[in-house]
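Below: the structure, in structure tokens.
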Amino acid sequence: MNGNANSLIELAGLLYEGRPDGDLCTTARAPRSHPDVAAKVDRFARFADDQYQDVTSLLAALSTRLRDANGTFVTYDGEVAGGMMNAILELGVYVAPEDR
């Protein structure tokens, strides 16, 4: 689980490094392009940035949650395994193969 949590945070980091470049959208502003085109590009750029912020935040949050779940699972699994092993050792009885 920790490997997956690390992968999620690494993916968020890669997305952050490849984040949308704000300067690219400025080249489509008026008077370089038609005002209608500039408005559409601006609208798209704002939408894309919003979606980008959402996905990087979501990946970081999922990574944190997965780390928490892993810690809980390891604690629970250790308690169960410890309890089972103790029960097997304390209550188990050896039976020879020829007596089965």
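Each value in this text was obtained by applying a stated rule to the coordinates, not by laboratory testing. In this text, all values refer to a predicted model and were calculated from it rather than measured experimentally. Note that each Cβ is placed from the backbone with ideal geometry, even for glycine, and that neighbours are counted across all protein chains shown.
Miscellaneous remarks
- Cα gyration tensor shape for region 15-59, rounded if a/c is under 1.5, else prolate or oblate: oblate
- Charge sum, other residues only, whose C-beta stays under 14 Å from ALA38's C-beta, Lys/Arg counted +1 and Asp/Glu -1: +3
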